[in-house]
Amino acid sequence: MSDMKKTTIGLLPVDWTIKKIKDVCETTSGGTPSRSKKEYYEKGTIPWIKTGELNQKYIFETKEKITNLALQQSSAKLIPKNAVLMAMYGATIGKTSITKIEAATNQACCALITKEEIEPEFLYYVLTSNKDKITALGAGGAQPNISQQIIRELEIPFPSKGEQRRIVSVLSSIDESIKKTEAIIDQTKKIKVGIMQQLFTKGIDHTKFKQTEIGKIPDEWEIVTIEDCCEILDSRRVPLSKKVRENIQGEVPYYGATGVVDYINDFIFDEEIVLIGEDGDHFKKFREWSMTNIVREKSWVNNHAHVLKAKNSVTNEWIYRFLEHRDITPYLSIQGATRLKLTQQNLRKIKIAVPSKLEQKQVTMIIDNIEKKAQKELKRLIHLRDIRKGLMQSLLVGEVRVKMGKAKATQI
């Protein structure tokens with residue numbers, strides 16, 4: 001490590017320096033035009049960025065636009081292209097994006113307008129890599145926040161502009177691969193939804209259909225309730241606290257409505273079962289995570305998941321996929337102000353369509369094959385993200401150098 005030196009931010013190459021953000025950027029923040037004045041928003045043409053939109057590397061468009069009048073009569077400011085934006089507080093604190101359009105921002109965004117000696121993308125990667133450290137500098141309390149002053153005083157590693165560009169090129173190539181993989185996964189999910197809709201309403205090779213209380217289905221299919229076709233098994237156990245779940249290890253998976261951890265305990269189920277989430281904080285959250293899952297292993301289940309076991313007329317796979325497809329919101333009940341719950345009583349009443357076991361198998365195999373493709377891409381995505389994380393940790397401090405003329409991840 002003779003070519004490295006100790007600095008206030010750690011080991012860096014001897015030919016790198018350290019700069020403060022204020023040395024290489026002008027900083028500013030924006031504002032929110034009054035919502036009570038329609039003339040500030042109606043027919044607006046100026047893109048207006050909120051911190052919730054700092055969820056990707058580049059920003060090309062915004063959900064809202066404001067008018068020139070709003071820009072003139074509020075604290076909103078026009079930010080040039082290629083400015084680096086950082087969220088200073090709220091749920092998105094520390095998140096960073098680069099503007100690819102002229103735009104105004106709200107007051108929770110700090111805009112870093114880079115000077116000639118630093119590449120915006122290099123600054124973006126440095127800030128992204130240090131998001132947790134930067135966020136930790138924020139004031140405590142219910143809503144931590146970082147100020148422009150804190151951001152301006154941040155020290156960052158500073159290689160030559162040529163090396164900045166080579167580092168950016170490597171990381172950008174990984175980002176592009178991640179973006180393409182995410183697009184494939186999104187498209188596969190859409191295909192799956194479309195095919196499930198087709199299969200659960202028309203089945204395979206049917207020509208005659210009937211209208212039922214759950215929609216159109218083939219004539220040969222029957223309508224039954226969950227109570228008719230499933231055993232509802234006892235899963236009543238005291239749920240483990242988050243702290244306990246995060247620290248325990250073991251051989252038996254522990255399932256709840258939201259996730260799985262390892263748990264050492266006497267198992268409850270040693271057979272194939274279907275789980276369906278029991279409750280959520282509100283409708284959207286319920287639809288996002290309180291879905292069905294299928295378990296094929298010895299498992300311990302807490303009291304926030306219903307446990308179903310298919311009877312002879314249906315398979316577990318069919319129950320799993322049909323409930324995944326079925327909108328069960330009419331069966332939810334409200335507890336408290338916003339909490340939605342699927343009670344066992346209502347679970348028993350959920351109606352599903354049932355074809356022959358042969359057709360059940362054919363349908364679920366088609367869906368499984370689509371999902372396998374998505375899972376394959378998901379594994380690739382996780383691998384790419386791990387590579388990206390490792391490269392950022394090594395490239396941005398000069399631990400690994402990009403050779404002159406070599407700007408691909410395979411040529412470092």
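Rundown of residues vs (1) farther than 29 Å from Arg152 by Cβ; (2) surrounded by 19 or more Cβ atoms within 10 Å (Cβ to Cβ), yes/no style:
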residue	(1), (2)
Thr17	no, no
Asp23	no, no
Glu26	no, no
Lys38	yes, no
Glu42	yes, no
Glu53	no, yes
Ile59	no, yes
Glu64	no, no
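Of all the listed residues (Lys131, Lys57), the sole one being at pLDDT 95 or above, within 22 Å of the chain's Cα centre (by Cα) and among the basic types (Lys, Arg) is Lys57.
Contact map, the stretch 385-398: residues that are without any contact (Cβ under 8 Å) to a residue 12 or more places away in the chain paired with residues that are open to solvent by 30 Å² or more (accessible area, probe 1.4 Å) and assigned to a helix (DSSP H, G or I), Cβ distance under 9 Å, separation 6+ or inter-chain. Pairs shown: Lys389/Ser129.
Out of Ile178, Ile191, report the one residue that is more than 27 Å from Lys311 (Cβ to Cβ), crowded, with 16+ Cβ neighbours inside 10 Å and not charged (D, E, K, R). Result of the check over Ile178, Ile191: Ile178.
Just one of (1) within 26 Å of Glu42 (Cβ to Cβ); (2) crowded, with 18+ Cβ neighbours inside 10 Å; (3) among the charged types (D, E, K, R) fails for Lys95. It is (1). Within the stretch 331-344, one or more residues are assigned to a strand (DSSP E or B), under 25 Å from Val193 (Cβ atoms), touching a strand residue (DSSP E or B) at 6+ places or on another chain (Cβ under 6 Å) and modelled with pLDDT under 85.
Only one of the numbered conditions (1) on the phi > 0 side of the Ramachandran plot; (2) open to solvent by 20 Å² or more (accessible area, probe 1.4 Å) is not met by Ser173, and that is (1).
Kindly establish whether Val168 is open to solvent by less than 60 Å² (accessible area, probe 1.4 Å) and either touching a Phe, Trp or Tyr at 6+ places or on another chain (Cβ under 6 Å) or among the acidic types (Asp, Glu) (or both).
Here the answer is yes, as Val168 does meet what is asked.
Taking the criterion of being without any contact (Cβ under 8 Å) to a residue 24 or more places away in the chain, under 16 Å from Ile21 (Cβ atoms) and assigned to a loop (DSSP other than H, G, I, E, B), the only residue of the stretch 131-172 that qualifies is Leu137.
Within this structure, Glu117 passes the test of being open to solvent by 50 Å² or more (accessible area, probe 1.4 Å) and either of a type in the set (Val, Ile, Thr) or modelled with pLDDT of 95 or more (or both). When the test is whether a residue is of a type in the set (Ser, Thr, Tyr) and in contact (Cβ under 8 Å) with a residue 60 or more places away in the chain, Ser29 passes it.
The values are calculated or read from the model by the stated rules, or taken from the named source; none is laboratory data. The shown structure was predicted, so the numbers you read here are calculated from the model rather than taken from an experiment. Glycine also receives a Cβ, built like all others from the backbone with ideal geometry; neighbour counts cover every protein chain displayed. Keep in mind that these areas ignore ligands, DNA and RNA; they rest on the heavy atoms of the full protein, side chains included. Shrake-Rupley method; radii C 1.70, N 1.55, O 1.52, S 1.80 Å.
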